[in-house]
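Just below is one structure, and these are the notes that go with it.
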Amino acid sequence: MATTILNPSKKRTTFIFVLLLIGISSIPSIFAQSIAPEAMLNQNEGLIGDQVNLNLSVKIPKNYTIEFPKIPDSLGKLLFINISKIDTTKQDDSLYLQQNITLTSFDTGTYEIPPFFFILKKIEDTLTYPLSTNRLFLKYTSVAIDTAKPIKDIKPPFQVPASFWDYFWYIFIPILIIGICYFGYKYYKNHKKKPVLKPAYDPKIPAHIQALNDLKQLDEQKLWQKGKFKEYHSELSEILRLYIERRYSFPALEETTSEILEEIDLNISGDSLKQSLKKILELADLVKFAKYIPFPDENINSMDKAIEFVNYTKPIDIPPVQENPSDK
């Protein structure tokens, strides 16, 4: 059998080559080990119920990515009540990533927080490198109780001095209800339909004669000359309404001006008479309800037009036809 004996110089060359390959292949692993994620508490001890902040941070090159650990809802009796999003900050050729976690516990004791594991990976590379943080301890204690002192009873509720606003609604609501009732009653009283008291008249006297006599008496009283505009126009309007009611047989005394004009439109054909009546009644409404002060010629014109309206609308007397004696 033939035996192959390597040259010592070739052995040395092969050994060096293998060492170089091992060294080159281990460079990324050594570099990854230089990246150290950190876990840090803002305090290592607190009272039960205190909220403690846990900060996870790591600095990596821009051509690397890193996967943060998945945080559970709790770790035994240690509760993770708030987990922030991962915040990334650029620093030259590196990326600084951090995440804040709020912890609390309602039981006393020392809690061990195990290492958190990260996965580092170079972009466009399939290799991954696991990294971990340091182990932490967090202690929760209760409030110190002085056993030498006697146990005290629970304090009664603290009485806050009453202010005006504590009684505001108790005062305001009754006043509001009373005010609504008062003004509602006033509104109802002022706007409810009052029964119309018809002026006394002698039915034996024809309507037009009664109206003309009443208008003459009103004119002789000289009310508007004495500044009594409301009384003057109210009486003038009432005289005309009574005449219209008796003449055309509809309740003019109980109707509004617009209703009277609609009825008159069906009974009278002359437009000038309708316009005259409209002006008289509308002026009377302005004086009575809007406290309008008419001019002297308006007062005189209302009287003249009222007399004219009665004269033009009064019934026409037709004399009876006499028989001719010769026809017998």
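Within the bounds of segment 216-234, is there any residue that is outside the structural domain of ASN301 (by TED's automatic domain parsing) and among the aromatic types (Phe, Trp, Tyr)?
The answer is no; no qualifying residue exists.
Matching residues to (1) in a helix (DSSP H, G or I); (2) touching a residue at least 40 places away in the same chain (Cβ under 8 Å); (3) surrounded by 14 or more Cβ atoms within 10 Å (Cβ to Cβ):
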position: ASP202; (1), (2), (3): no, no, no
position: ASP214; (1), (2), (3): yes, no, yes
position: SER234; (1), (2), (3): yes, yes, yes
position: GLU238; (1), (2), (3): yes, no, yes
position: TYR243; (1), (2), (3): yes, yes, yes
position: GLU263; (1), (2), (3): yes, no, yes
position: LEU266; (1), (2), (3): yes, no, no
position: SER276; (1), (2), (3): yes, no, yes
position: LEU281; (1), (2), (3): yes, yes, yes
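For segment 153-175, how many residues are basic (Lys, Arg) and in a helix (DSSP H, G or I)?
0
Quick test of your reading of the structure: MET303 fulfils all but one of (1) modelled with pLDDT under 95; (2) within 22 Å of TYR201 (Cα to Cα). Name the failing condition by number.
(1)
Considering only segment 91-131, how many residues are of a type in the set (A, V, I, L, M, F, W, C), surrounded by fewer than 16 Cβ atoms within 10 Å (Cβ to Cβ) and within 30 Å of VAL143 (Cβ to Cβ)?
The total comes to 1.
Out of curiosity, is PRO199 under 22 Å from LEU277 (Cα atoms), modelled with pLDDT under 95 and not assigned by TED's automatic domain parsing to the domain that holds ILE280?
yes
Tally up the residues in segment 245-256 that are surrounded by 16 or more Cβ atoms within 10 Å (Cβ to Cβ), in a helix (DSSP H, G or I) and out of contact with any Leu (no Cβ under 8 Å at 6 or more places or on another chain), please.
Total satisfying the criteria: 3.
Within segment 134-155, is there a residue that is among the hydroxyl-bearing types (Ser, Thr, Tyr), within 30 Å of PHE68 (Cα to Cα) and touching a residue at least 40 places away in the same chain (Cβ under 8 Å)?
Checked against the condition, which is being among the hydroxyl-bearing types (Ser, Thr, Tyr), within 30 Å of PHE68 (Cα to Cα) and touching a residue at least 40 places away in the same chain (Cβ under 8 Å), segment 134-155 yields at least one hit.
Just one of GLU220, GLU238, GLU231 is of a type outside the set (A, V, I, L, M) and in contact with a Leu (Cβ under 6 Å, 6 or more places away or on another chain); which is it?
GLU231
Residue under question is THR104, and the condition is that it be at pLDDT 80 or above and among the hydroxyl-bearing types (Ser, Thr, Tyr); does it hold?
So THR104 passes the test.
If the requirement is being part of a strand (DSSP E or B) and free of Cβ contacts under 8 Å to residues at least 40 places away in the same chain, which of these qualifies: LEU54, LEU79, LEU103?
LEU79
Tell me whether segment 57-73 contains one or more residues that are within 43 Å of the chain's Cα centre (by Cα), surrounded by fewer than 16 Cβ atoms within 10 Å (Cβ to Cβ) and not in a loop (DSSP other than H, G, I, E, B).
Scanning segment 57-73, I find no residue that is within 43 Å of the chain's Cα centre (by Cα), surrounded by fewer than 16 Cβ atoms within 10 Å (Cβ to Cβ) and not in a loop (DSSP other than H, G, I, E, B), so the answer is no.
The values are calculated or read from the model by the stated rules, or taken from the named source; none is laboratory data. Bear in mind that the values here come from a model prediction, so they are computed numbers and not experimental data. Note: ideal-geometry Cβ built from the backbone for every residue, glycine included; neighbour counts use all protein chains shown.
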